[in-house]
Amino acid sequence: MEHELFFDGNLKEYSWSIKTGKEIINQIREHPAAYLSGGKLDIKNKEESRFVALHVGIYWGLGVFIIKDFDKIHVMCDSKEMHEILIQQNKTLNQIIDDKIHFINQLVGHRNLKLEYHLIEPVKNIATEHLSGKNKTSASRDSNGFV
């Protein structure tokens, strides 16, 4: 099965949308307080938040059985910098980003997923609208109904 994964984030929250065929599932979450992670997830910029959204989007999609072993995920990225980091898989100077890349790679390896990275225009990112406040009601803040 193939999916398109859209994601976005800011300093307060992050969102992801998984499109499978004609069905779209939208989710949004608040970043937890940094002390809950021992300071490891003190989100300081939008790029860190986006990497969290990508990791959580894949993890959540697997957990609620939308994404399954051997599926192909089209990662729809609207940040040129993030796209380059994902394509090159090089270490950065940012621990949060490096950790998220590591965890994503673990999920890909354990579940035999195929990721394909696409650079898209920001206006085509369907996950962004849930952060703007314009369409917050269409994104779920929990997993009720999925598990």
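Every number here is computed from the coordinates shown, using simple stated rules; none is lab data. Note that this is a predicted model, so its numbers are computed, not measured. Positions of Cβ are generated from backbone atoms using ideal geometry, with glycine treated the same way; all protein chains shown enter the neighbour counts.
Structure notes:
- Only residues that are more than 12 Å from the chain's Cα centre (by Cα) and not charged (D, E, K, R) were counted across the stretch 63-81, and they come to 7.
- Answer residue from the stretch 1-43, given it is β-branched (Val, Ile, Thr) and over 11 Å from the mean Cα position of the chain (by Cα) and is nearest to TYR59 (Cα to Cα) among those: ILE25
- Restricting attention to the stretch 96-118, the residues being at negative phi, not hydroxyl-bearing (Ser, Thr, Tyr) and not in a helix (DSSP H, G or I) number 5.
- Boolean, GLU23 is within 23 Å of GLU116 (Cα to Cα), exposed (fewer than 13 other Cβ atoms within 10 Å of the Cβ) and not hydrophobic (A, V, I, L, M, F, W, C): yes
- Scanning the stretch 26-45 for residues being under 21 Å from MET76 (Cβ atoms) and surrounded by fewer than 18 Cβ atoms within 10 Å (Cβ to Cβ) gives a total of 1.
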